[in-house]
Each structure stands twice: as structure tokens, then as C-alpha cells.
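Quick notes on the structure that follows.
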Amino acid sequence: MFLGPPGAGKGTQAAALAAQRGVLHLSTGDLLRAAIAAGTPLGREVDQYMRAGELVPDDLMLRALSDRLTRPDARAGFVLDGFPRTIAQASALEQIAPLDLVVSFELSQETLVERLSGRRVCPRCQTVYNVTTRPPRLAGRCDLDGAELVQRPDDQPGPIANRMKVYARQTAPLLQYYQERGRLRTLAANGSPEEVAARLRRIVDAVRPETTAPTRPASR
Ligand code: AP5
């Protein structure tokens, strides 16, 4: 499981690691955004929370996560990105699917805000870009399908500031929770995505040595 403040690079690294290991990348943020885009009852319920940068209530989130984890593509394992985010979610998860490893992404506040402000996303294939650190070949257009890139509503200054506060208040206590259970490792999340991936690989390999060939394309 990847734990860390908004913009630390959890999604970028989770997609790459899951592809390399042939397991599911389960991002609860992506799952909720897909529900909003599809106009499902879940999507309608969570839209306002996400726009404001508030957490979605635990009961809704737990139901959505449990449903997703029962699908066949989760059987080979998964990288959880964005869940759990509260102590209540963490203790419920222990009953559903105990975690092998929790990686805490650490990055300066200044870099977090820079990365979030520069993020752009393809609304069609969900590929994530950054105007500074990962620009598309043609400004404002997805490299893969040419769709016009968009900014997430919660990547505006007001919601970014709120997400940072929500992280400090509701999610950061999980660092101690997992530290006490001997599952926490810290990762310096500065530097290029490749540099971060190399550091991450050393942490993951020490806990779960790689045994199988990659079988799944990257989800981002
Ligand atoms: P979610 O989508 O999980 O957002 P987040 O945790 O705020 O994380 P981000 O997606 O913003 O950042 P990231 O760390 O994944 O960074 P990324 O790799 O994209 O959640 C959104 C909302 O959903 C929440 O606010 C809440 O409402 C709801 N929600 C979700 N889960 C929930 C839960 N469990 N309970 C309750 N509510 C929940 O990178 C960011 C940018 O930086 C990109 O542009 C990327 O290209 C760039 N970048 C990445 N790595 C590097 C690098 N090494 N160098 C330079 N640039 C980089």
C-alpha cells in the first residue's frame, strides 16, 4: 500500500510497479472518478466530497473497495493507492485483505504543490501528464489518443490546500499505525520518476522478491 500526501507520486509509481509485477493497481481515487464519469449512484454521492478535497465517508469507501477486491483480477495481488486513508479504513482492511508492506512517500510541501498544479489528465484514457515534468508531445493533447487534456477539479489552489489539511488530520495518523505493526517503510519521493522507481524497487524486493514475469500493461 502506498501512503503519502496528495501529489507525492503514488499513482505514477503504483501503475508502474503493478505492471512490472503483473498485479492489480487499485487506486480508490481512479475508482471514484470512474464512477462519477459513468454517473453511477456511487459517483453521484461522492462528487461533492471530491471536488472540495474532502474524504468520502468510510462506509461508502469500504463498500466500493470490498466490491473491487472480490473481482478475479485482484486474486494475483494488488498495489493499493489511496486506501486506507483513515484509521477506521485501516482496521476494516485488516479483516478483508491484510497488507504485506506500506510505503510512505516523503516529499517537500513546495514540490507537492508544484506537481499537483502542473498535473493534466487525459479524460479518455486517464494517462497522467505534467506540464513541467512530464509534458505531452503536443501541448494540451494526449500522446496516445489526441484527446484534450484536462485539470482535475481538485487540483485547483483551494481544494489542494484543503487536501493537504485533510491528509495531515485524517491520514497521517496511519504512519504511526503501520509503524507500530512493523509494516512501514519510507521512500524519498524526490527526483525523477525513474529514480523514485529504483528506490521503491529495492524496498519492495526486500519484502517480496520478484518471482514472476510481468503480465499486465500499466494502467497509467
Ligand atoms: P486520489 O486520487 O487518491 O488523490 P491523492 O491522494 O490526493 O493523490 P493524487 O492522485 O493527487 O497524487 P499522487 O500521489 O497519486 O501523484 P501522481 O502520481 O498523480 O484521491 C482523490 C480524492 O478521492 C480524495 O481527495 C477523496 O475525496 C477521494 N478518495 C480517494 N480515496 C479515498 C479513501 N480511501 N477514502 C476517502 N476518500 C477517498 O503525481 C502527481 C503529478 O506529479 C503528476 O502530474 C505526475 O506526472 C507528476 N509526478 C509524479 N512523480 C513525479 C516525479 N518523480 N517527478 C516529477 N513529477 C512527478
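Return the residue satisfying two criteria in turn: it lies in the stretch 34-51 and is near the ligand (Cβ under 10 Å from one of its atoms) and touching a residue at least 24 places away in the same chain (Cβ under 8 Å), and of such residues it is surrounded by the fewest Cβ atoms within 10 Å (Cβ to Cβ).
Among those residues, the one meeting the criterion is Arg51.
Scanning the stretch 1-12 for residues that are of a type outside the set (A, V, I, L, M) and touching a Phe, Trp or Tyr at 6+ places or on another chain (Cβ under 7 Å), which turns out nearest to Pro98 (Cα to Cα)?
Out of the qualifying residues, it is Phe2.
Please go through the stretch 57-98 and pick out each residue that is touching a residue at least 24 places away in the same chain (Cβ under 8 Å), assigned to a loop (DSSP other than H, G, I, E, B) and within 16 Å of Phe2 (Cα to Cα).
Once the filter is applied, which keeps residues that are touching a residue at least 24 places away in the same chain (Cβ under 8 Å), assigned to a loop (DSSP other than H, G, I, E, B) and within 16 Å of Phe2 (Cα to Cα), the stretch 57-98 yields Gly77, Gly82, Phe83, Pro84, Arg85, Thr86, Ala97.
Please give the number of the condition Ala18 fails out of (1) within 12 Å of the ligand (Cβ to nearest atom); (2) crowded, with 21+ Cβ neighbours inside 10 Å; (3) not charged (D, E, K, R).
Just one mismatch for Ala18, condition (1).
So that you can scan it fast, the table gives a plain yes or no per residue for (1) open to solvent by 50 Å² or more (accessible area, probe 1.4 Å); (2) farther than 22 Å from Glu194 by Cβ:
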| residue | (1), (2) |
| --- | --- |
| Thr111 | no, no |
| Leu116 | no, no |
| Val121 | no, no |
| Thr127 | no, no |
| Asn130 | no, no |
| Leu144 | yes, no |
| Gln156 | yes, yes |
| Val166 | no, yes |
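For the subset of the stretch 199-220 comprising residues that are modelled with pLDDT of 90 or more and open to solvent by 90 Å² or more (accessible area, probe 1.4 Å), which member is nearest to Asp145 (Cα to Cα)?
Arg201
For the subset of the stretch 84-109 comprising residues that are in contact with a Lys or Arg (Cβ under 9 Å, 6 or more places away or on another chain) and surrounded by 15 or more Cβ atoms within 10 Å (Cβ to Cβ), which member is nearest to Gly191 (Cα to Cα)?
So the residue we want is Leu107.
Please find, within the stretch 23-33, the residue that is nearest to the ligand (Cβ to nearest atom) out of those that are of a type in the set (A, V, I, L, M) and part of a helix (DSSP H, G or I).
Leu32
Within the set of pairs 6 or more residues apart or between chains, which connect a residue that is within 18 Å of Asp30 (Cα to Cα) and at pLDDT below 95 inside the stretch 147-175 to a residue that is open to solvent by less than 60 Å² (accessible area, probe 1.4 Å) and in a loop (DSSP other than H, G, I, E, B) with Cβ atoms less than 9 Å apart?
none
The values are calculated or read from the model by the stated rules, or taken from the named source; none is laboratory data. Just so you know, these numbers come straight off a predicted model, no measurement behind them. Don't worry about glycine lacking a Cβ; one is built from the backbone with ideal geometry, like all the others, and counts go over all protein chains shown. The protein model used for the area step is the full one, side chains on, heavy atoms only, and it has no ligands, DNA or RNA in it. Shrake-Rupley method; radii C 1.70, N 1.55, O 1.52, S 1.80 Å.
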